[in-house]
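Structure first, commentary second.
Taken together, the values in this text are just the output of simple stated rules run on the coordinates, not laboratory data. Just so you know, these numbers come straight off a predicted model, no measurement behind them. When we count neighbours, we look across all protein chains shown, and the Cβ atoms used for this are built from the backbone with ideal geometry, even at glycine.
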Amino acid sequence: VPPPLTPPLALSRRYRGLTLVLTFLCYTSYHLSRKPISIVKSQLHPNCSALGPNPYNDSNSSTWCSWAPFDGDNYKELFGALDNAFLVAYAIGMFISGIFGERLPLRYYLAGGMVLSGLFTMLFGLGYFWDIHVLWYFIIVQVCNGLVQTTGWPAVVACVGNWFGKGKRGLIMGIWNSHTSVGNILGSLIAGIWVSSAWGLSFVVPGIIIAAVGITCFFFLVEHPNDVGCTPPLHHVMASNEGPQSPSGQSSTERSDSPKEPVEEPEAISFLGALRIPGVVEFSLCLLFAKLVSYTFLYWLPLYIVNVAHFSAKEAGDLSTLFDVGGILGGIFAGLISDYTGGRATTCCVMLVIAAPMLFLYNHVGQNGIGTSIAMLIVCGALVNGPYALITTAVSADLGTHESLKGNAKALSTVTAIIDGTGSIGAALGPLLAGLISPTGWNNVFYMLIAADVLACLLLARVVVKEVRGWCSCIARKRGYVRT
């Protein structure tokens, strides 16, 4: 019998690399398509007096260059309604999405969602070319887009979780999770190209990009190692050791040799069953407040920079990307530290504690100079997005393959959807509250963000105490061994 052309280990590594690259591109395009609204806001209601006299000579001279219906004094509330339409639909849809994600082929589910996301993103931008000035058109498009974008996160985390075991999951997923910030940066830069000339293209081009990546994903993404004859990662074997199973080495071999084995696993976990996994509730509630802060920056930071630092729409959009640069560094740092210490909750809590005073400082001294602004944006981005990145990636994957599941790997998509769905409630509340509070002053918006950071930290207290006790008992055992 001739030897195989490619050794199993090398084949597995190739598919792991392919999975990381494809899922990275997929979620980069998701965030790339979400970012333009924050860039375009300042163009929908700009400072018309800076552009010169009103060429139309009508009575509404102060807002002649604004895009109706955002030309009134309540434009911030309308912007908040746009954000909320997307994010509330996203939060509601996320709890359902994980259930579908475990019962449908992930490749079809993800690709279909990306094509539909591209369609609705383009429809928002086409409102410019079709000269649409009806608020409900933009609201309905945002709601539809929010619903179909829920296909992304549970699917990509489940795919990555299927291919990677615990090991250095925090570091790997911390680096991989930079897709969020990379997508935000690219979305800001792409939207900035047309924001002042034809803002509709700021949505149409990202819509085309996400649809194209979705089609690529359909043809090349491999959902599970068993689909190509590779061995599943270690976390499935580790989880099965609690029951009366075969030795880990034998179990791993059986899984790779028998493609029918995954079919014989328990059925997909229920919603309540996922909630009973230790840590799911705590991390979900923590993410609610952490994501509230992150998404408030995502949707309102460019407008804040325009209003406070008086930059142009394009300059504010470019400067806001530094917050996402910090997010990349924060996600990698959080994953590395949590891998080294084994304390996911403690890592999140420490970063949240430091983030609160840094947000206060950014609001008060962050606009004192371009150098100060750049440094503060990077630091705040790292501290705000680090815990958010860690919870939505490594923590979700850990809990979705928790030892209490006894080898049932089908919980991964549901657990991910519960955690990110709860976080999305905060993502919806943040921009909405910012829209309601910002007319009273930006200071009050930052006080709201600081309070959310503190609450996120407090909600992890029980898990942090458990981790600290585990470290203490481990140290005590080691000292006991030294004495004996």
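For this structure, a couple of remarks:
- Length released on extending from Y340 to R14, taking residue separation times 0.36 nm less the Cα-Cα span: 114.7 nm
- D73-I140 FRET efficiency (beta carbon distance; Förster radius 25 Å; 0.05 resolution): 0.55
- Peptide packing for 462-474, 193-205 was compared via the average number of neighbouring C-beta atoms within 10 Å per residue; ordered from the highest value, the list is 193-205, 462-474.
- Our note on the geometry: Cα centres of the range 79-137 and the range 419-451, 21 Å apart.
- Karplus-derived 3J(HN,Hα), 6.51/-1.76/1.60, for each residue of the range 133-140, Hz, glycine and proline x: 10, 9, 4, 5, 4, 5, 5, 5
- Each other residue within a Cβ distance under 14 Å of L18 adds +1 if Lys or Arg and -1 if Asp or Glu, for a net charge of +2.
- Peptides 122-132, 311-321 ordered by average Cβ neighbours within 10 Å, highest first: 311-321, 122-132
- Rounded FRET efficiency, nearest 0.05, which uses the C-beta distance separating D131 from I354 and R0 of 51 Å: 0.60
- Label positions at N444 and V21, each projected 7 Å from the Cα along the C-beta direction, are separated by 5.1 nm.
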